[in-house]
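The values are calculated or read from the model by the stated rules, or taken from the named source; none is laboratory data. This is a predicted model, so every value here is computed, not measured. All Cβ positions, even for glycine, are placed from backbone atoms using ideal geometry, and neighbour counts span all protein chains on display. Just the protein is used for accessible areas: all its heavy atoms, side chains included, with ligands, DNA and RNA removed. Shrake-Rupley method; radii C 1.70, N 1.55, O 1.52, S 1.80 Å.
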Amino acid sequence: MKTLKITLLCCFISVLSFAGVSQDQKAALIDLYNTTNGEAWNHTWDLEQPVSKWYGLTLEDDNVVTINLSFNNLNGSLPESISKLTHLKVLDLSFNKLEGELPSTVVNLSKLEILKLFSNSFSGAIPTDIGNLTNLKSLELFNNDFFGQIPSSIGDLTNLENLILSSNQLMGKLPSSLSNLKSLKVLSVFDNNLIGAIPSSIGELTQLEELVLSNNAFYGNLPGVLVELKSLKTLLLSNNQFKGNYAVLKEQLPNIVDFDLDEANLKGALVTLDTEEED
């Protein structure tokens, strides 16, 4: 009897050791496969094989923590069940043919640190409660068809280092809540339909290395606090309606490498920057 108990215990431990990912996570992955035409992927999944052998996945303790399916010919939309991947830290689906709106459930991926969905055909609005993803460090949604305003809740992403929303159809003003993103290094919103003055609170982003605002409908004077952004290496402002001459601005930014402003704004002395504050 003792020998039998030991044998059963060993079998139980063995089963636990090779249990694999949970059924919820596996079902969510299969949904992703089915809604994005998995059979036609460049690197497809053999659903008869263990999840650990599926292309583009990284597992830790039998949980899916990374999905990297960039350049993989995904064609379709994301399923609502993506939220079942509760341990996911990295979701990279860039350079595919995905379309439709982001499922509202994506904001439930509370452990997500990197979200890369650029170079697809996503549409609709950025979820208003995107700020729920408080562990996010990189949000890269550029080169899609997102429209509507940039949600103010984006200011809740206080760990964010990269915010790249360029080449969409976004409109409205830059939310003043961006000033909460003290760790932000890259802010790029070029080639949208954004309007209004640049909020002076942008000067609070002291870690900023890239500020790219070109090809929008921003107007007014640039806030004087721009000269306080000593870490700036890239400042691109052309094809807006900024007033004044900013020829000396580049000289006041010691680390600037890439500087682009309309020709009309590069003549004459630096005017007093400011102040058309945001509403």
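Values for this structure:
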{"item": "Among THR36, ILE67, THR234 - extreme Cα towards positive end, dipole of the chain, charges at beta-carbon", "result": "ILE67"}
{"item": "Per residue value of the accessible surface for region 49-102 (all protein chains in place, 1.4 Å probe), Å²", "result": "45 Å²"}
{"item": "Charge dipole (debye, nearest 20) of the chain; +1 at Cβ of Lys and Arg, -1 at Cβ of Asp and Glu", "result": "840 debye"}
{"item": "Degrees between helix 2-17 axis and first principal axis of the chain (Cα, 0 to 90, nearest 10)", "result": "30 degrees"}
{"item": "Dipole of region 31-172, positive direction: furthest Cα of LEU47, THR58, SER138, with charges on the beta-carbon", "result": "SER138"}
{"item": "Net +/- balance of residues flanking ASN215 in space, Cβ distance below 14 Å, scoring K and R +1, D and E -1", "result": "-3"}
{"item": "Amide H partners (placed H, <5 Å) of PHE122, local residues excluded", "result": "ASP145"}
{"item": "Extended-chain gain in nm, criterion 0.36 nm per residue less alpha-carbon gap, GLU101 and ALA264", "result": "54.7 nm"}
{"item": "222 nm mean residue ellipticity, helices alone, for the chain (DSSP H n ≥ 4; -39,500 (n - 2.57); rounded to 500)", "result": "-3500 deg cm²/dmol"}
{"item": "Probe 1.4 Å, accessible area per residue of region 196-269, Å²", "result": "43 Å²"}
{"item": "With every protein chain in place, the chain: carbon and sulfur % of accessible area (1.4 Å)", "result": "49 percent"}
{"item": "Relative contact order of the chain, defined on C-alpha pairs under 8 angstrom at six or more residues apart (%)", "result": "9 percent"}
{"item": "Charge sum, other residues only, whose C-beta stays under 9 Å from THR234's C-beta, Lys/Arg counted +1 and Asp/Glu -1", "result": "-3"}
{"item": "Degrees between helix 23-35 axis and first principal axis of the chain (Cα, 0 to 90, nearest 10)", "result": "60 degrees"}
{"item": "Listed residues LYS111, LYS137, LYS53, most fluctuating in the chain (Gaussian network, C-alpha, under 10 Å)", "result": "LYS53"}
{"item": "Most fluctuating residue given options ASP31, ASP46, ASP262, as computed from a GNM of the chain linking Cα atoms under 10 Å", "result": "ASP46"}
{"item": "Cut-off under 5 Å, modelled amide H: who pairs with LEU194 long-range", "result": "ALA217"}
{"item": "Candidate lysines for bridging to LYS111, where Cα separation is under 25 Å - those fewer than 8 sequence places away on the same chain excluded", "result": "LYS26, LYS53, LYS84, LYS89, LYS137, LYS182, LYS185"}
{"item": "Linear extension gain, HIS43 paired with GLN169, 0.36 nm per residue minus alpha-carbon span", "result": "42.2 nm"}
{"item": "Qualifying aspartates and glutamates (Cα of each under 14 Å from Cα of LYS233; at least 8 residues distant if same chain)", "result": "GLU209, GLU210, GLU251, ASP258, ASP260"}
{"item": "Unit charges on C-beta of K, R, D, E only; dipole of region 110-248, Debye", "result": "180 debye"}
{"item": "Average Cα contact separation per residue, region 40-169, under 8 Å, 6 or more apart, as relative contact order %", "result": "17 percent"}
{"item": "Among [x] 7, 26, 27, 18, 12, 6, 3, 1, 0, 0; [y] 6, 28, 36, 21, 5, 2, 1, 0; [z] 6, 27, 31, 20, 11, 4, 1, 0, the entry that matches P(r) over Cα pairs in 10 Å bins from 0, in percent as calculated here", "result": "[x]"}
{"item": "Cα centroid separation, region 163-227 to region 103-148 (Å)", "result": "18 Å"}
{"item": "Most mobile listed residue (GLU263, GLU140, GLU101) in the chain, GNM with C-alpha springs under 10 Å", "result": "GLU263"}
